[in-house]
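Undergrad: Attaching a single structure in structure tokens format; questions to follow.
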Amino acid sequence: MATIFSRIIAGEIPCYKVAENEQYFAFLDINPLAVGHTLVVPKCETDYLFDLDDNTLSGMTLFAKQIAGKLKEMTGCKKVAMVVLGLEVPHAHIHLIPMNSENDVDFRKEKLKLTPEEFSKIAEQLNR
Ligand code: AMP
């Protein structure tokens, strides 16, 4: 059965898309730790990030780098954290999280509650 992320990529489940190319897809995390929290995923379905072949993994990092630049510009954050967990969804993904302090990347803290309009506006800004 397709992963939820494959279904998002296929357009079967809605998302707030941030970027896409032939191999990768990026969209806003629905439970963000910070404004702009983005997930970067390969279109191929592999659970564990380090099971990706070298080309796919390195290309994914470069794709994430472009988005990180936009996130930094948009939010004015100190740095953009690149975090890999993958405990919930078995489809390799990188979390990109704008951060100003360690607390901004604490996955135990309460997530932001954004309205659909706020999510759309953030995605729109990142799509520019
Ligand atoms: P993890 O697999 O532990 O890295 O966590 C999966 C992440 O995917 C969590 O931060 C979820 O909030 C996020 N997530 C799960 N389903 C969706 C969805 N439909 N749209 C956007 N983000 C999602």
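Undergrad: What range in the chain is the longest one free of GluC sites (Glu not before Pro) that are in a loop by DSSP and have at most 16 other Cβ atoms within 10 angstrom?
TA: My reading of the result: 46-87 is the longest stretch.
Undergrad: Now for a separate question. Along the charge dipole of segment 4-126, pointing to its positive end and built from +1/-1 on Cβ of Lys, Arg, Asp and Glu, which listed residue (P32, G76, P42) has its Cα farthest out?
TA: G76
Undergrad: Hey, another quick one. In Å and whole numbers, how far do the C-alpha atoms of the chain stretch along each principal axis, longest first?
TA: The Cα atoms of the chain stretch 33, 30, 28 Å along their principal axes.
Undergrad: What does the accessible area per residue of the chain come to in Å², with a 1.4 Å probe and no ligands, DNA or RNA counted?
TA: Counting only protein heavy atoms, the per-residue value for the chain is 60 Å².
Undergrad: Counting only protein heavy atoms, what percent of the accessible surface of segment 4-126 is carbon or sulfur at a 1.4 Å probe?
TA: 51 percent
Undergrad: So, one more: Show me, for segment 81-92, the HN-Hα J-couplings you get by feeding each phi into the Karplus relation (A = 6.51, B = -1.76, C = 1.60, θ = phi - 60°), rounded to Hz, glycine and proline as x.
TA: These are the phi-based 3J(HN,Hα) values: 7, 10, 10, 10, 10, x, 7, 9, 10, x, 9, 3 Hz.
Undergrad: Take the chain, mark every one of the chymotrypsin sites (Phe, Trp or Tyr not before Pro) that falls in a DSSP loop and has at most 14 other Cβ within 10 Å, then report the longest stretch left between them, sites excluded.
TA: The answer is 49-106.
Undergrad: Same structure, new question: Amide H to amide H under 5 Å from K79: which residues, 5+ apart in sequence or cross-chain, H placed 1.01 Å off N in plane?
TA: Answer set, sorted by chain and number: M99.
Undergrad: Can you tell me the FRET efficiency between N31 and D51 if r is taken as the Cβ-Cβ distance and R0 is 25 Å, rounded to the nearest 0.05?
TA: The computed FRET efficiency comes out at 0.50.
Undergrad: Here is a follow-up. Read phi for every residue in segment 36-44 and hand back ³J(HN,Hα) as whole Hz from Karplus 6.51 cos²θ - 1.76 cosθ + 1.60, θ = phi - 60°, with x for Gly and Pro.
TA: Per-residue couplings from phi come out as x, 3, 10, 10, 10, 10, x, 6, 6 Hz.
Undergrad: Would you calculate, for the chain, the mean residue ellipticity at 222 nm contributed by helices, counting each DSSP H stretch of 4 or more residues as -39,500 (n - 2.57) and dividing by all residues, to the nearest 500?
TA: -10000 deg cm²/dmol
Undergrad: Just to check I understand the Karplus step: with θ = phi - 60° and J = 6.51 cos²θ - 1.76 cosθ + 1.60, what whole-Hz values come out for segment 102-117, glycine and proline as x?
TA: Result, rounded to whole Hz: 4, 4, 5, 10, 8, 5, 7, 6, 5, 7, 6, 10, 10, 7, x, 5.
The values are calculated or read from the model by the stated rules, or taken from the named source; none is laboratory data. In this text, all values refer to a predicted model and were calculated from it rather than measured experimentally. Reconstructed Cβ throughout: ideal geometry from the backbone, glycine too, with neighbour counts over all protein chains shown. Quick note on the areas: whole protein, heavy atoms, side chains included, nothing else; ligands and nucleic acids left out. Shrake-Rupley method; radii C 1.70, N 1.55, O 1.52, S 1.80 Å.
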